[in-house]
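The values are calculated or read from the model by the stated rules, or taken from the named source; none is laboratory data. These figures come from a predicted structure and were not determined experimentally. Neighbour counts are summed over all protein chains in view; Cβ atoms, including those assigned to glycine, are modelled from backbone coordinates with ideal geometry. When the accessible area is computed, the model is the full protein with side chains, heavy atoms only, and any ligands, DNA or RNA have been set aside. Shrake-Rupley method; radii C 1.70, N 1.55, O 1.52, S 1.80 Å.
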Amino acid sequence: MNAPAPVNNTRVIAICIILFTGFLFLFNTGKRDLWAPDEPRYAQVSKEMRDTGNFVVPHLNSAPYPDKPPLLFWLINLFSLSFGKITALSSRLPSAFAGIGCCLALFYFGKRLYRNTRIGLLSALILATSAKFLWMAHRAAFDVLLTFFVTMAIICFQKGYAGQKNKGRYYTLFYTFMALGVLTKGPVGFILPFCVVLTYLALKKDARAFKDTRPWIGGTLFVFMVFTWVFLAGVYGGKEYTYQILFNQNVGRFSNSFAHQRPFYYYFIYFPVNFSPWSIFIPSIVIFLVSRKGRRKIGEILLPLVWFVVVFIFFSIVSGKRDIYVLPLYPAASLLTAWFLNEFIEQFRERSFKKTGYYPCSVLCGVALVSGVFLPVVVYKMYPQYASLSIPFAIILVTGGILLSRFIKHARIIPFLFTFIFMILIIFNLSTLKVIPVLNQYKSAKEICDKANSMIKPGERLALYNFFRDPYLFYTGRNYLEIIRGGDDLMQFLKAQERVFLFIQEKDFREVSKFPEIPVFVLAKDSVGHRDVLLISNKDR
């Protein structure tokens, strides 16, 4: 009798990662509406691409949109083919699949880099369950897609650098993924992996190895991929569009950002918050690395350490800062955290891990238990109508906290970590069922736009007064909305002979209503985010 074929553990683990991240990133992804500020904008740009057939120059409100390159918009249109239109789900699928791909790639990378399957698996699960990465994988945005391309570029370089076979293939992929990163979010898709690689080779005192990447071949491919679009965009968009996309939106944001200016220490505060709950181990990683034992092992983690530091410093120097900008360093942070946790698992009896290993785990147990006990009380005090929603979360937190406490008491680190990871999975997916629909009532503009669509006949004018928000453009199904600025233009608009409609914030409406000569009828009202918005008309019917 023939012996059964051995099970490929790597393949089984990879399938489990795909199932886990797929459930985490895709469950209920299309149930909520597109939320401002970014999601409706990117969906609308994709819609205008589809409606006009112009896939070279992105447009928003029928005007060229030079803020971002087109790759995300192309992908949204690709995923929308089966839906027949741009939807909330199809707009988020590029981020969700990029998140799954990023976690899967990190598993294989961590397994090969450290020659340890456990580290690869932990790094993938840590990345998937870190707060900001998890949330962004559920949004229509550029950042998870960019993170995927940056991650793949660095992985392909390392595989070519460390391998003996197919070096040329991996170095070609290195340049290809950098080009795709540029087509996703501009030069940062090239700058980040390129600086990581150069810094890594400099520290290895092997800068000559960069010649092995055959930059004359890879660079030619990179230039062809990127500048083919840039050339066509210049032809169809004109000189002003080319200037905006090449200089103002890139060099300008780096040296003197016109938006999101923050102090240099911004990411020292927001990265630990957004990498939670795993950021609880950051002090432990630092303490371990400066110890004698950690210094001897720093060569094992040199590439992810360089990756983390280079990206962190780069975005700290850039004048414009948002917490999502540093998402490309999350895979590196996950690799470092997984490496430290593996050291903890293998040396859990050593006294040096009493503080660096057990204390953070004990804090996580305490946070789970305290949150579970006080969550219903806090919700009842602040939002009594939603008190019942907090009960399932409280049960999960208290039960999980008790299990975690028992595991850490008996030094069972692996069951502790996997229980904690599955707690995050359950709590997040339960939130998409219970909490997100409640928030959607307050953050979505779809309801008031649906009311407007039911009242406005084809050809009737609709405008916005003193603000522009993409949800109103997307959910009214239009490719252009007039923006009215100033009282004189408003008076002229409302005094039109034909029936006209206007979205206006309540704070502005109070000023307008002081002028009796302006005919105004309030047709609908809704709270959208922090704005109270009215739909008004100059005629009641």
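Phe23 contributes about 100 Å² of solvent-accessible surface, heavy atoms of the protein only, 1.4 Å probe. FRET efficiency for the Ser82 to Lys297 pair, using the beta carbon distance and R₀ = 45 Å, is estimated at 0.40. Measuring r between the beta carbons of Lys167 and Ser362 and using R0 = 45 Å, the FRET efficiency lands at 0.45.
Per residue, the solvent-accessible area of the range 249-385 (1.4 Å probe, heavy atoms of protein chains only, all protein chains present) comes to 50 Å². Remark on the chain: Rg and Dmax equal 26.1, 96 Å (Cα only). Counting only the backbone N, which residues of the range 458-477 are under 15 Å from the spot 7 Å out from the Cα of Asp508 toward its beta-carbon? So the set is 462-473. Please label the shape of the range 258-312 as rounded, prolate or oblate, based on the square roots a ≥ b ≥ c of the eigenvalues of the alpha-carbon gyration tensor (a/c under 1.5 means rounded; beyond that, a/b larger than b/c means prolate, else oblate). Verdict is prolate for the range 258-312.
The GluC sites (Glu not before Pro) of the range 285-352 that meet both conditions, a loop assignment by DSSP and at most 16 other Cβ atoms within 10 Å of the site Cβ, are Glu350.
Can you bin the range 57-216 into rounded, prolate or oblate? Criterion: square roots of the alpha carbon gyration tensor eigenvalues sorted a ≥ b ≥ c, rounded for a/c under 1.5, prolate for a/b above b/c, oblate for the rest. Taking the square roots of the gyration eigenvalues as a ≥ b ≥ c, the range 57-216 is oblate. Counted by Cβ distance under 15 Å from Leu369, the other residues give a net charge of +2, where Lys and Arg count +1 and Asp and Glu count -1. The order of Ser390, Ser276 by accessible area, most exposed first and with a 1.4 Å probe, is Ser276, Ser390.
Normalising the average separation of contacting C-alpha pairs (under 8 angstrom, six or more residues apart) by the number of residues puts the relative contact order of the range 29-163 at 24 percent.
Positive contributions from Lys and Arg (+1) and negative ones from Asp and Glu (-1), summed over other residues with Cβ under 11 Å from the Cβ of Ser90, come out at +4.
Modelled label positions at Ser276 and Phe467, each set 7 Å beyond Cα in the direction of Cβ, lie 2.8 nm from each other.
For the chain, the share of DSSP beta bridges that are antiparallel, to the nearest 5, is 70%. Helix 9-26 and the long axis of the chain differ in direction by around 20°, with both axes built from C-alpha atoms. With r as the distance between the Cβ atoms of His530 and Tyr380 and R0 = 25 Å, compute the FRET efficiency 1/(1 + (r/R0)^6) and round to 0.05. The value I calculate is 0.55. The peptide list 360-371, 496-507, put in order of mean Cβ contacts within 10 Å with the highest first, becomes 360-371, 496-507.
For the chain, the mean residue ellipticity at 222 nm estimated from helices alone is -20000 deg cm²/dmol, where every DSSP H run of n ≥ 4 contributes -39500 (n - 2.57) and the total is divided by all residues, rounded to the nearest 500. Using alpha carbons only, how many degrees (0 to 90, rounded to 10) separate the axis of helix 359-382 from the longest principal axis of the chain? Helix 359-382 sits at roughly 20 degrees to that axis.
Take each peptide in 162-168, 478-484, count the other Cβ atoms within 10 Å of every residue, and average; sorted highest first, the result is 478-484, 162-168. With a Cα cut-off of under 25 Å and a minimum spacing of 8 residues unless on different chains, the lysine pairs in the range 81-175 number 5. Other residues whose C-beta falls under 15 angstrom from the C-beta of Leu75 contribute a net charge of +4, scoring Lys and Arg +1 and Asp and Glu -1.
Compared with the dominant Cα axis of the chain, that is its longest principal axis, helix 446-455 is turned about 30°. Per atom type, the chain shows carbon and sulfur on 63% of its accessible surface, probed at 1.4 Å. Residues in the range 129-196 average 27 Å² of solvent-accessible surface per residue, probe 1.4 Å, ligands and nucleic acids excluded.
Normalised by the number of residues in the range 280-347, the mean separation of alpha-carbon contacts (under 8 Å, six or more apart) gives a relative contact order of 39 percent. Summary of packing: across the peptides 131-143, 105-117, 404-416, the per-residue average of other C-beta atoms within 10 Å ranks them, highest first, as 131-143, 105-117, 404-416. Mean sequence separation of contacting Cα pairs (under 8 Å, at least six apart), scaled by the length of the range 317-404, corresponds to a relative contact order of 25 percent.
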